[in-house]
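Quick notes on the structure that follows.
Read the figures in this text as sums done on the coordinates, not as results from a lab. Bear in mind that the values here come from a model prediction, so they are computed numbers and not experimental data. As a convention, Cβ positions derive from the backbone with ideal geometry for all residues, glycine included, and neighbour counts pool all protein chains shown.
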Amino acid sequence: MVSKKIVLRFPPQVVDKPVIYKLAKDFDLEFNILKAIIIPDEEGLLVIELTGTQENFERGFKYLESFNITIQPLNKDVVRDETKCSHCGACVTICPVGAFSVDQKTRKIIFNDEKCIACDLCITSCPLRAMSIHF
Amino acid sequence: MAKTISEINEKIKSGKAVVLTAEEMIELVDKEGIKKAAKSVDVVTTGTFGPMCSSGMYINIGHSKPRIKLGAGECYLNDVPAYAGYAAVDIFLGAAALPNDDSRNKLFPGKFDYGGGHLIEEFVAGKDIKLVAKAYGTDCYPRKELKNYINIKDVNEAVLFNVRNCYQNYNCAVNLSSKTIYTYMGILKPNTGNATYCSAGQLSPLLKDPYYRTIGLGTRIFLGGGIGYIAWQGTQHSPAVARNENGTPKSPAGTLAVIGDLKQMMPQWLRGTSMLGYGVTLTVGIGIPIPILDEEIAGYTAVKDEGIFTQIVDYSHNYPHVIPGNLGTVSYAQLKSGEIELNGKKIPTASLSSYPKAVEIATTLKNWIEAGKFYLTEPVEKLPGADSGMSAKLLKERPIRQVRYGH
């Protein structure tokens, strides 16, 4: 079993299609929606965690691509500007999934983007605005 | 044998001074004891890098042709209102100032993306700043309007003048209520969901000279990446609070007013800071050298996080309503472990002050002294001390009940 957090972008003509239902029903991919933005006549954006077999992933992704839905791994979307971060640690208790931790030796803040769910709580809670989200 | 500051300066001049950061001093005293360390070490450097309210700058922009008197007029720098009530072209800008059209907390919690603190950072970085001013015009200052770009390299003076910085210890903040609150101590989750603190602890300047034996008026310091001076005790200076045996105060105590030429400072050590739902401030880098004159001072500089304590304060009700007392006491070692315990509950902790940057400041100051670029100063005057009886008072409430004309 594989688990992946991904960002899907839907072109306007696909917004009304039940693609996530199909992912679960036809390809047995378990889903957990982390974020969804749908603007009618424009596009849709979905941040989702999928779990399933590698084979089903490949088939499911092919299905999504057939609708011109773009797929991108999530961890490229939330980034830390290393020149802005002062490693204060204000983010550590704000992140709901513990993506930030303190290196007990250097006291620097480690950002583990694999854990990130792009909830964007860290963006405005960072006093120096070192975090940004790029969908 | 006791040393003097001038003896230490002689050693700095000849490149023989032994300078350690407070972290290194702790290690040395652990290994060799206070007696030996006091003999071998000449200077211990400290550092802190955290949001510091009551920061600001004043500038003199130079006279325009024809002349304008901004005093009693209106003045904006990048839309942030500045104080021009001094005279003709002297302007003061505080870190917490916000543009008039900022929505503040109307859309709660307000984001506070840009204000005085950010403007100071940009100004120091050499960016052009938009000055827009209106005046009423006089015979000697006839001009009534000014719209002009200004740059730090062109103005006559640019001076950082922070009236309260470098708090000697600060509260650990928690939220006892059932909803999230947005404070200057950061976002506090409901039902003591987290605890925040804001001090460099064992590296923090005033915690390493708790009775202000060497840090006083006129002391030369690292300020915002350049050189600055202690101008006065900071506002709300409260040295008379309860203290531990090692001299460190158990709650916020002493503060410093600091001043320095902004033109030689660096934007990475003066950072515009946005506290969600609270407002704008400036994160300031300060480092203070402590001359090791005797064993007592050596002992103070070697105090560890384990020996420095602060009080836990509820920011949902007790702090805003000024209810005395606290919820308990914790050491900085506990705070830095990532978890504290309050009433049997484990609470995750977060720091608002950057320890890695504090280390960088203490190390930079050490390098300056070792290279003979920075000499120590004898205080011109002592700061009011623990026995001065001085403490920050609350407002004497005298509500005005009747509007009287003329006053």
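Okay, which of the stretch B:161-197 sit inside 13 Å, backbone N to the point 7 Å along the Cα-Cβ direction of B:Asn318? What the label zone holds, given the 13 Å backbone N cut-off, is B:171-177, B:192. Partners of B:Lys111 within straight-line reach, counting aspartates and glutamates whose Cα lies under 15 Å from its Cα and excluding those fewer than 8 residues away in the same chain: A:Asp120, B:Asp101, B:Asp102. Over 27 Å between C-alpha atoms is what I'm after, so list which of B:Lys69/B:Lys393; A:Lys84/B:Lys382; A:Lys84/B:Lys336; A:Lys5/B:Lys357 land there. Distance filter (> 27 Å) returns B:Lys69/B:Lys393; A:Lys84/B:Lys382; A:Lys5/B:Lys357.
Radius of gyration over Kirkwood radius for chain A, both on Cα atoms: the Rg/Rh ratio is 1.04. Remark: C-alpha extents of chain B on the principal axes read 71, 59, 38 Å, sorted largest to smallest. Across all directions, the average projected area of the convex hull around the alpha carbons of the stretch B:59-159 is 6.4 nm². Computed from the alpha carbon positions, the gyration tensor of the stretch B:1-50 leads to an equivalent ellipsoid with semi-axes of 19, 16, 9 Å, biggest first. The angle between the Cα long axis of helix B:22-40 and the main principal axis of chain B comes to about 50°, on a 0 to 90 degree scale. Of all aspartates and glutamates in the structure, the ones whose alpha carbon falls short of 19 Å from that of B:Lys346, not counting any fewer than 8 places away in one chain, are B:Glu306, B:Asp314.
Dividing the radius of gyration of the alpha carbons in the protein assembly as shown by their Kirkwood radius gives 1.04 for Rg/Rh.
Residue by residue along A:87-100, Cβ atoms of other protein chains within 10 Å of the local Cβ number 6 on average.
Candidates A:Cys85, A:Cys95, A:Ala118 compared by Cα position along the dipole of the stretch A:77-135: farthest toward the positive end lies A:Cys85, with charges placed on Cβ.
Straight-line reach only, C-alpha to C-alpha below 15 angstrom: list the aspartates and glutamates that A:Lys105 could link to, leaving out same-chain residues fewer than 8 apart. Within the straight-line limit of under 15 Å, A:Lys105 reaches these aspartates and glutamates: B:Glu23, B:Glu24, B:Glu27, B:Asp305, B:Glu360. Over all projection directions, the Cα-based convex hull of the stretch B:210-363 averages an area of 10.8 nm².
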